[in-house]
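What follows draws every value from the coordinates through simple rules; no lab data is involved. Only a predicted model underlies this, so the values are computations on that prediction, with no experimental measurement involved. Using ideal geometry, Cβ is built from the backbone for each residue, glycine included, and neighbour counts are taken over all protein chains shown.
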Amino acid sequence: MARTALLTTLAMLAFAGNSLLCRLALRDTGIDAANFTAIRLGSGALILAAILMSRGKRPTAGGSWPMAAMLFAYAVCFSFAYRDLTAATGALLLFGAVQFTMTGYGLWTGERIGGVRLVGLALALGGLILLLLPGLAAPPILAAALMLAAGAAWGVYSLLGKGAGDPTAATGGNFLRTLPFAAALMLATATASTGTVDRPLDHMGAFYAVLSGAVTSGLGYVLWYAALPMLRATSAATVQLCVPAIAALGGAMLLAEPVTARLLVASVAVLGGIALTIYRKN
């Protein structure tokens, strides 16, 4: 039990750390979103490949190109969104979009939702709408749309991953398959003629990207997959509700980001609504 709790706690801290590291890098260093994305994916691919080879497995044995495309879409939208979102707002939008994407797929395939689950979905949707309503505390609409797209991509990635076999092998293979996409992104942004000068890559920004890829992404997934078999379905789903809360706390304490009344109310509505949906379903 203690081992499960430790693994789960470390995994949730790692997932929240992705938001904090990305926001910190793009706000306080000279790295741009494209380079952050490429370095993050490359670092994740390297650490996962090393882990798989240490287990005697071929790094590209798992995963698929469709899953890799969704992983890349998530990562690039995530990075570009965090140029203008706080860590807390981004994490909440991401989490909400993931859950709505997966629930939407369930509805599309014939799953019936009613009663408490329907109330939970309505509450969560109302929270997201409240967060995005125009006003001084509203996040920039383009950045919010990008983060919602990142969440949708991660939701599709999760759906594609059902039945993919060893999750660590699948994740490692998918990270490796994103490298051509990442290289194309770096080439496109480096050669784009926009009339402006891109921020130069700096060592500290690259360091944060490596931490995000190798530690809070690569190792974070390994820790989560190690804990997952020891968790009940309800526990595994609901424990992830703490990730936006951890990101909000970290953003306030480490990045001095404001926690507005709107964000608090929206967080309670979104996370509470999703919790109702998960408990009722399971």
Region 39-146, dipole about Cα centre (Lys/Arg Cβ +1, Asp/Glu Cβ -1), debye to the nearest 20: 400 debye
Using a Förster distance of 41 Å, the FRET efficiency for A184-L118 (Cβ separation, nearest 0.05): 0.45
Neighbour-count ranking [beta-carbon atoms within 10 angstrom, fewest first] of I274, I51: I51, I274
Where trypsin sites (Lys or Arg not before Pro) in DSSP loops with at most 14 other Cβ within 10 Å are excluded, longest remaining stretch of the chain: 163-231
Sum of -39500 (n - 2.57) over DSSP H runs of 4+, divided by residues of the chain (222 nm, nearest 500): -24500 deg cm²/dmol
Cβ-placed point charges (K, R +1; D, E -1), dipole of the chain about Cα centre in debye, nearest 20: 760 debye
Footprinting exposure proxy for F100, F207 (fewest neighbouring C-beta atoms within 10 Å first): F207, F100
Cα gyration tensor shape of region 1-57, rounded if a/c is under 1.5, else prolate or oblate by comparing a/b with b/c: oblate
Cα-based shape type of region 2-281, given that a ≥ b ≥ c are square roots of the gyration tensor eigenvalues and the cut on a/c is 1.5: oblate
Signed unit charges on C-beta, dipole axis of the chain, positive-most listed residue Y74, L52, F15: L52
